[in-house]
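What follows is a short report on a single structure.
The values are calculated or read from the model by the stated rules, or taken from the named source; none is laboratory data. What you see is a predicted model, and the numbers here were worked out from it, not measured in a lab. Cβ placement follows ideal geometry from the backbone for every residue including glycine, while neighbour counts extend to all protein chains displayed. The accessibility values were calculated without ligands, DNA or RNA, using every heavy atom of the protein model including side chains. Shrake-Rupley method; radii C 1.70, N 1.55, O 1.52, S 1.80 Å.
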Amino acid sequence: MNRKGVTLQVQERGLIIAIDGPAGAGKSTVAKIIAKRLGYRYINTGDLYRYITYWALQRRMNVKNCEEMDILSGEIAKKLKEMSQKENSIEKYFSLDSDISDKIHSPNVDKNVSFVAQHQNVRKNLVSIQRFLAKNGSTVIEGRDIGSVILPDADLKFFLTADEYTRILRRYEELKERNYTVSFQEVEKEMMKRDQIDSKREIAPLIKPVDAILIDTSNKNIHEVTEIVLKKIQTHLKRKIHGNHKS
Ligand code: DC
């Protein structure tokens, strides 16, 4: 199908595409490419939890303390909402600090982010900002609970996964690229712990929603995965157009 045609149809209709999955499954890489190809907004919800964690560590707060994390996440969510209402984007807020992407993807944030993300009030404080951002036009939004909790009515849901070794290797290489010195074993330990907390926590654990399309990215390159996702989106749109014509 003509790509320009697809993009136009997508823009006219507006879609919410939710991509969930564990760390290292390839969500961010794929979500960014898909958003760019379709001209959609891209939202990485993991960055919100990482940003709160980064500031908690900067302020030497206790990431396991519910009250402290409730207050901090409330403050940050309020600022983000104000910014996004003004700018229709949170990128400006993040770009106030040019190194923020490296800082929030540090090994220390990796180690602590799941503790922050398991607090009920932290999650509650971030719900409305995530829904607000996704409401303003066609969006590719990635995280752990997007299809299950944040946007259960998303038009299309994907659940990306990969075997443990592949996910650890990807994360290890990403950290090396960001000039962090960590061993493969350290990344392995951190990732296994994070997986465990993210999928076993009481509130909004990482699960595959029943209506999500499962993609195992272990033996696929980025191009192959994005093509699968794009094809599914095209099929979805064709069906939608067909359905509309019939009615
Ligand atoms: O996608 P990521 O690895 O950058 O996410 C960092 C952490 O944030 C992840 O370990 C769990 C948490 N998270 C979450 O609980 N819910 C989301 N929607 C996104 C991330």
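A count restricted to the stretch 117-138 and to residues that are part of a helix (DSSP H, G or I) and either in contact (Cβ under 8 Å) with a residue 24 or more places away in the chain or touching an Asp or Glu at 6+ places or on another chain (Cβ under 9 Å) (or both) stands at 14.
Among the residues making up the stretch 139-177, those that are open to solvent by less than 10 Å² (accessible area, probe 1.4 Å) and part of a strand (DSSP E or B) are Thr139, Val140, Ile141, Glu142, Gly143, Phe158, Leu160. Selection of first residues in the stretch 187-203 that are closer than 15 Å to Leu169 by Cα and open to solvent by less than 40 Å² (accessible area, probe 1.4 Å) and of second residues that are part of a loop (DSSP other than H, G, I, E, B) and more than 9 Å from the ligand (Cβ to nearest atom), restricted to Cβ pairs under 9 Å at least 6 apart or on distinct chains, gives the following pairs, ordered by first then second residue: Glu190/Val182. Note on the stretch 96-138: among residues that are within 30 Å of Leu237 (Cα to Cα) and surrounded by fewer than 19 Cβ atoms within 10 Å (Cβ to Cβ), the one that is nearest to the ligand (Cβ to nearest atom) is Val127.
For the stretch 7-32, the candidate set comprises residues that are away from the ligand (no atom under 16 Å from the Cβ) and surrounded by fewer than 20 Cβ atoms within 10 Å (Cβ to Cβ); within that set, the residue that is modelled with the highest pLDDT is Gly14. Checked against the criterion of being of a type in the set (Val, Ile, Thr), surrounded by 13 or more Cβ atoms within 10 Å (Cβ to Cβ) and away from the ligand (no atom under 14 Å from the Cβ), the candidates Thr226, Thr181, Thr235 yield just one match: Thr226.
Would you mind finding the one in Leu156, Leu175 that is aliphatic (A, V, I, L, M), in contact (Cβ under 8 Å) with a residue 12 or more places away in the chain and in contact with a helix residue (DSSP H, G or I) (Cβ under 6 Å, 6 or more places away or on another chain)? Steps first, please.
Values: Leu175 fails: in contact with a helix residue (DSSP H, G or I) (Cβ under 6 Å, 6 or more places away or on another chain).
One residue alone meets the criteria, Leu156.
Pairs linking a residue in the stretch 43-70 that is closer than 16 Å to Asn121 by Cβ and assigned to a loop (DSSP other than H, G, I, E, B) to a residue that is open to solvent by 20 Å² or more (accessible area, probe 1.4 Å) and within 15 Å of the ligand (Cβ to nearest atom), with Cβ atoms under 6 Å and 6 or more positions apart or on different chains, are Val63/Asn112; Val63/Phe115; Lys64/Phe115.
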